């Protein structure tokens, strides 16, 4: 299983023997510039601008589509590794750094002076990031898909790593299914019934995981679309039953 | 009885059998891997085929010697990468040879300082891994270059900045006529030189070939400028402001810092090995040769050029061919600093976008193989030509 910031696209899903099993982060591509550059929006970009990014990513393709749509000639500088992109942008080789906004936020912490840089407000593409498995193993696909769904549904019902085991006698049948005290859902994948309980206890629900890795590290404190549908976001998963 | 006769009396047949077995074994290994790959790829739903080369590439390349943008095919992107690889290899080979010969000869100099500096150069640049040298030139050295607004200017027509070396663009009218005149000049020089050699061998007359050659090379193209309608104008790079603090140069040609850094690193690194080859070659010429040459009144430069080097070249060329091949293959490290060579563009971006790993890597390997073999063939021809013919 590949669980990294990999965008779910048609060609990746259909053409190379992989299957995407869900979205665990709704992201979008953005641009980072220096605060003192005087550029406040992507509409301020002019002909001749140089943009750094990683090779072989959806970013490279989106960048071209974006600049073409605005009829701006640009210089694409594509490196293999993110560290090299950061170094080149930091040194002033390129005027803007473009990748998924979560990536921009994370890489900014590696700059020599993070406060000198800002991310422009516009989002120029959809980048649904999610886990990937090999095509052809239906049971494994289901296991990974429903592991992700479990984490999100657990947050929906208020089940977290600390209270999960104590909720075995809950009144809510949905919660009871999540912690394994009702139903035989695990058997459908060949797992025992506590499979979802173990996930919630060891890794936490979606909200806990987000808080620990993304909000508390200062990368993206605002969850944006990555919030439950009941709270204004777009995390809506099929019910585990 | 028949077998014994067959084996002993027919050596060719005897040699044929192990060769046939080896070829069969090799073929069976290749066939095994091919069918294995086919079966496994079929199971995983991965398709195989070269049709993707006609698909639209959808990504741009910052530096290309031919017309290219994202609407062209992957096949064309491959061509762009290939030309970029050849470009940086040629530049690298050129400078590595010059630096290598100079450093190699310097190490044998009687001047203590020159010899020591050359020795230190070789020891330092030979022993640091190439990838680190590339990173050094790109991130450390080039980073020291100024931003465009403070660019280092050469008479205001060329500017050296962190975003690239901006030089004037040559705008030709009737470039083909000029090109033809240059080719004609080279052909004329070749004939003049062979005529001059015949004159020298038959009559002992030494024509001033260098002067005549230079004159031909300048006069013929000059004639095209004056009478045949060839003309040249320049487009100069001009500072352009993109935002309150962001500048760049518009117009002219921009030589990207990635190319400069890679060419520099490759040249400096490979030059050390070529220098050692040159030194070995010169030391390999018998001492008697130098003494005999001195005794007929040649000075040190003449001894080197007329007596020592022609003999040393036989020793220098084969290992130097190796170094040229190494340089060409080392240029694949370009991916680390975003120089769009064939590995970054084709075996990198195109591979990641299409997922056709086996096809793309095979094509890339075949390409490097072809490049290397071409260089080898040329160098072997040159070596044969240089070989001193026993008279």
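The values are calculated or read from the model by the stated rules, or taken from the named source; none is laboratory data. Because the structure is a prediction, the values reported are computed rather than measured. Don't worry about glycine lacking a Cβ; one is built from the backbone with ideal geometry, like all the others, and counts go over all protein chains shown.
Applying the condition of being at pLDDT 85 or above and within 11 Å of chain A (Cβ to nearest Cβ) to segment B:251-271 and asking which residue is surrounded by the fewest Cβ atoms within 10 Å (Cβ to Cβ) yields B:256.
Only one entry in A:23, A:85 is more than 8 Å from chain B (Cβ to nearest Cβ), surrounded by 19 or more Cβ atoms within 10 Å (Cβ to Cβ), modelled with pLDDT of 90 or more and over 30 Å from residue A:151 (Cα atoms), namely A:85. Within the bounds of segment B:168-178, is there any residue that is exposed (fewer than 12 other Cβ atoms within 10 Å of the Cβ), assigned to a helix (DSSP H, G or I) and within 30 Å of the chain's Cα centre (by Cα)? Yes - at least one qualifying residue is present in segment B:168-178. Residue A:16 passes every criterion in (1) more than 8 Å from chain B (Cβ to nearest Cβ); (2) farther than 20 Å from residue A:125 by Cα; (3) under 22 Å from the mean Cα position of the chain (by Cα); (4) surrounded by fewer than 21 Cβ atoms within 10 Å (Cβ to Cβ) apart from (1). When each of B:90, B:103 is tested for being crowded, with 21+ Cβ neighbours inside 10 Å and under 21 Å from the mean Cα position of the chain (by Cα), the lone residue that passes is B:103. On the stretch given as segment A:73-104, residues that are assigned to a strand (DSSP E or B), without any contact (Cβ under 8 Å) to a residue 60 or more places away in the chain and touching a helix residue (DSSP H, G or I) at 6+ places or on another chain (Cβ under 7 Å) total 5.
Conditions (1) assigned to a helix (DSSP H, G or I); (2) closer than 24 Å to residue A:224 by Cα, marked per residue:
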| site | (1), (2) |
| --- | --- |
| A:4 | no, yes |
| A:11 | yes, no |
| A:23 | no, yes |
| A:26 | no, yes |
| A:29 | no, yes |
| A:33 | no, yes |
| A:46 | no, no |
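In this structure, residue B:261 qualifies as on the phi < 0 side of the Ramachandran plot, assigned by TED's automatic domain parsing to the domain that holds residue B:131 and touching a residue at least 40 places away in the same chain (Cβ under 8 Å). In segment A:5-52, which residues are free of Cβ contacts under 8 Å to residues at least 40 places away in the same chain and within 24 Å of residue B:338 (Cα to Cα)? A:46, A:47, A:48, listed by residue number.
Residues of segment B:233-244 that are away from chain A (no Cβ under 14 Å) and surrounded by 12 or more Cβ atoms within 10 Å (Cβ to Cβ): B:234, B:235, B:236. For residue A:60, the criteria (1) under 17 Å from residue A:126 (Cβ atoms); (2) more than 8 Å from chain B (Cβ to nearest Cβ); (3) touching a residue at least 12 places away in the same chain (Cβ under 8 Å) hold in every case but one, which is (2).
Here is the figure for segment B:30-54: residues that are touching a strand residue (DSSP E or B) at 6+ places or on another chain (Cβ under 8 Å) and either at the interface with chain A (Cβ under 10 Å from one of its Cβ atoms) or under 22 Å from residue A:77 (Cβ atoms) (or both) total 2. Evaluated against (1) over 18 Å from residue A:3 (Cβ atoms); (2) modelled with pLDDT under 90; (3) not in a loop (DSSP other than H, G, I, E, B), residue A:214 falls short on exactly one condition, (1).
The rows are residues; the columns are (1) closer than 16 Å to residue B:46 by Cα; (2) free of Cβ contacts under 8 Å to residues at least 40 places away in the same chain; (3) more than 22 Å from the chain's Cα centre (by Cα).
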{"site": "B:330", "(1), (2), (3)": "no, no, no"}
{"site": "B:335", "(1), (2), (3)": "no, yes, no"}
{"site": "B:341", "(1), (2), (3)": "no, no, no"}
{"site": "B:345", "(1), (2), (3)": "no, no, no"}
{"site": "B:349", "(1), (2), (3)": "no, no, yes"}
{"site": "B:363", "(1), (2), (3)": "no, no, no"}
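Among the residues making up segment B:56-84, those that are in a helix (DSSP H, G or I) and either surrounded by fewer than 23 Cβ atoms within 10 Å (Cβ to Cβ) or out of contact with any helix residue (DSSP H, G or I) (no Cβ under 9 Å at 6 or more places or on another chain) (or both) are B:75, B:76, B:78, B:79, B:82, B:83. Is there a residue being within 14 Å of chain A (Cβ to nearest Cβ) and buried (at least 19 other Cβ atoms within 10 Å of the Cβ) anywhere in segment B:107-122? There is no residue in segment B:107-122 that is within 14 Å of chain A (Cβ to nearest Cβ) and buried (at least 19 other Cβ atoms within 10 Å of the Cβ). Taken over segment A:141-187, the criterion of being within 19 Å of residue A:230 (Cβ to Cβ) and in contact with a strand residue (DSSP E or B) (Cβ under 9 Å, 6 or more places away or on another chain) is satisfied by A:152, A:155, A:156.
Hey, among the residues in segment A:112-126 that are part of a loop (DSSP other than H, G, I, E, B) and within 14 Å of chain B (Cβ to nearest Cβ), which one's surrounded by the most Cβ atoms within 10 Å (Cβ to Cβ)? Checked segment A:112-126; the qualifying residue surrounded by the most Cβ atoms within 10 Å (Cβ to Cβ) is A:120. When B:90, B:101 are checked against the criterion of being assigned to a helix (DSSP H, G or I), within 30 Å of residue B:114 (Cα to Cα) and free of Cβ contacts under 8 Å to residues at least 12 places away in the same chain, B:90 stands alone in meeting it.
Residue by residue, here is whether (1) buried (at least 18 other Cβ atoms within 10 Å of the Cβ); (2) modelled with pLDDT under 90; (3) more than 9 Å from chain B (Cβ to nearest Cβ); (4) within 16 Å of residue B:247 (Cα to Cα) holds:
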| residue | (1), (2), (3), (4) |
| --- | --- |
| A:49 | yes, no, no, yes |
| A:69 | no, no, yes, no |
| A:80 | yes, yes, no, no |
| A:95 | yes, no, no, yes |
| A:105 | yes, no, yes, no |
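Report whether or not residue A:109 is away from every other protein chain (no Cβ under 11 Å) and at pLDDT below 90. Yes.
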